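The values are calculated or read from the model by the stated rules, or taken from the named source; none is laboratory data. Because the structure is a prediction, the values reported are computed rather than measured. A quick note on method: Cβ atoms are made from the backbone with ideal geometry, for glycine too, and the neighbour counts reach across all protein chains shown.
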Amino acid sequence: MKFACYYPRVEYGFQVKVLREDSRAAFRLFETKITQVLHFTKDVKATINQTRNFLVRASCRLRLEPGREYLIMGLDGATYDLEGHPQYLLDSNSWIEEMPSERLCRSTRQRAACTQLNDFLQEYGTQGCQV
């Protein structure tokens, strides 16, 4: 919760499934489908099953795999796609966590980490940063 609520304060938090990756000039664009809305400030129209674009500089080594789900949190975007939805730049102030599979979470070694992640998603999604 410290990352999400205190430093650096995030303005959005989505759980997304990556649909595809596309190269655009100096950026790579990841088209995603929202699977859970945890938090937003400007993106008031964000709902489950809507698409949102996340951009990363082409020089960045970050790779998001199509078909996989991620928790992505960060600062609001300053640009918009053709449909008027915000686009988000992934940078050093972004938090990106690949969502573990149910099979992985059933393993003894990962069970505690998965429980902690699910508890965070539940608490942040329902209470936000209320202290």
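For segment 40-47, does any single residue satisfy the condition of being touching a residue at least 24 places away in the same chain (Cβ under 8 Å), in contact with a Phe, Trp or Tyr (Cβ under 8 Å, 6 or more places away or on another chain), among the aromatic types (Phe, Trp, Tyr) and outside any strand (DSSP E or B)?
yes
Which members of segment 58-73 meet the condition of being touching a Phe, Trp or Tyr at 6+ places or on another chain (Cβ under 6 Å) and assigned to a strand (DSSP E or B)?
Those that are touching a Phe, Trp or Tyr at 6+ places or on another chain (Cβ under 6 Å) and assigned to a strand (DSSP E or B): Ile72, Met73.
Give the residues of segment 52-72 that are buried (at least 20 other Cβ atoms within 10 Å of the Cβ) and of a type in the set (Lys, Arg), sorted by residue number.
Arg52
Quickly run through segment 80-104 and pick out the residues that are outside any helix (DSSP H, G or I) and free of Cβ contacts under 8 Å to residues at least 12 places away in the same chain. Before the answer, list the steps.
To start, the set of residues in segment 80-104 that are outside any helix (DSSP H, G or I) comprises 80-101.
Passing the criteria: Tyr80, Leu82, Glu83, Gly84, Ser92, Ser101.
Collect the residues in segment 93-104 that are closer than 20 Å to Arg52 by Cβ and among the hydroxyl-bearing types (Ser, Thr, Tyr), keeping them in residue-number order. Can you show your working first?
Residues of segment 93-104 closer than 20 Å to Arg52 by Cβ: 93-99.
The answer is Ser94, and nothing else.
Condition first: more than 14 Å from Leu29 (Cα to Cα) and among the aromatic types (Phe, Trp, Tyr). Now tell me which residues in segment 68-90 satisfy that.
Tyr70
Of everything in segment 29-49, what is of a type outside the set (A, V, I, L, M, F, W, C) and modelled with pLDDT under 95? Give them in sequence order. Full working, then the answer.
The first filter runs over segment 29-49 and keeps only residues of a type outside the set (A, V, I, L, M, F, W, C), leaving 31-33, 35-36, 39, 41-43, 45, 47, 49.
Residues satisfying the conditions are Gln36, His39, Thr41, Lys42, Asp43, Lys45, Thr47.
Among the residues of segment 105-131, write down those that are surrounded by 13 or more Cβ atoms within 10 Å (Cβ to Cβ) and assigned to a loop (DSSP other than H, G, I, E, B).
If the condition is that a residue be surrounded by 13 or more Cβ atoms within 10 Å (Cβ to Cβ) and assigned to a loop (DSSP other than H, G, I, E, B), then Gly128 is the only one that fits.
Between a first residue in segment 12-28 that is of a type in the set (Lys, Arg) and surrounded by 15 or more Cβ atoms within 10 Å (Cβ to Cβ) and a second residue that is at pLDDT below 95 and not in a strand (DSSP E or B), which pairs have beta carbons less than 7 Å apart while being 6 or more apart in sequence or on different chains?
Sorted first by the residue in segment 12-28, then by its partner, the pairs are Arg28/Ala58.
Quick one: Asp43 ticks every box in (1) among the acidic types (Asp, Glu); (2) touching a His at 6+ places or on another chain (Cβ under 8 Å); (3) surrounded by fewer than 14 Cβ atoms within 10 Å (Cβ to Cβ) except a single one, so which number is it?
(3)
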